[in-house]
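Engineer: What follows is a structure written as structure tokens; I'll ask about it next.
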Amino acid sequence: MTGNRFDAGGTSIWDFSTNFLVICPNCTKMAQVISDWKIENEPAKFSCLHCGRTKELYINKSTYMFTPSLGAPEKGTVCIGAPFDWYFHYPLWLQQLCCGHVLWAQNKEHLEWMKQYISAKIRIQKKDELLGYNNHSLAARLPKWIQSASNRPKLLKAIEKLEATLK
């Protein structure tokens, strides 16, 4: 970002998908899920530094789905696009009610990207030479309420609250 311009580039949700900050189901403090979706036989690993709980999960990472429209995701499904991690489906640590919706980020880097995108008055999305305008980019997939300039002040305030939980 330079001044009031932000180049969204080809950033996608996959760029923030190896580390998830989650709420520990045991002690309700911040924990993490780490997994590299590119490595087939590598388990997703949950760990909480507060209570010491750990867990591993082997799943077929080659099959995934975007958020189901109804109910919770099926156990063992890699589920993308909702305020929980993709593997264990634990609630994300970084989520906040805002504008009648839930604003969420998978980790600190995702939150920083959202902050830069939302605060920018000019958002640039370049055309790919082969694919044209990339519908898989994170900027193209953001809901309209996040893209709306009229929600900018409320969104930035919600992001400030989320950043405070990381300190």
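The values are calculated or read from the model by the stated rules, or taken from the named source; none is laboratory data. Bear in mind the structure is a predicted one, so any value in this text is a computation, not a measurement. Heads up, the Cβs are rebuilt from the backbone with ideal geometry, glycines too, and the neighbour counts pull from every protein chain shown. These accessible areas exclude ligands, DNA and RNA; they are computed on the full protein's heavy atoms, side chains included. Shrake-Rupley method; radii C 1.70, N 1.55, O 1.52, S 1.80 Å.
Engineer: Considering only residues of the range 40-52 that are open to solvent by 80 Å² or more (accessible area, probe 1.4 Å) and not polar (S, T, N, Q), which is farthest from Trp93 (Cα to Cα)?
Structural biologist: In this case the residue turns out to be Glu40.
Engineer: With a cut-off of at least 1 residues that are modelled with pLDDT under 90 and of a type in the set (Phe, Trp, Tyr), name the strands (runs of 3 or more DSSP E) lying wholly within the range 57-140.
Structural biologist: Result: 64-66.
Engineer: Would you call Lys144 exposed (fewer than 11 other Cβ atoms within 10 Å of the Cβ) and modelled with pLDDT of 90 or more? Walk me through how you get there before you give the answer.
Structural biologist: Numbers: exposed (fewer than 11 other Cβ atoms within 10 Å of the Cβ): yes; modelled with pLDDT of 90 or more: yes.
Spelling it out, Lys144 is indeed exposed (fewer than 11 other Cβ atoms within 10 Å of the Cβ) and modelled with pLDDT of 90 or more.
Engineer: For the range 10-27, which residues satisfy the criterion of being open to solvent by 30 Å² or more (accessible area, probe 1.4 Å) and not hydroxyl-bearing (Ser, Thr, Tyr)?
Structural biologist: Answer for the range 10-27, where residues must be open to solvent by 30 Å² or more (accessible area, probe 1.4 Å) and not hydroxyl-bearing (Ser, Thr, Tyr): Gly10, Trp14, Asp15, Asn19, Ile23, Pro25, Asn26, Cys27.
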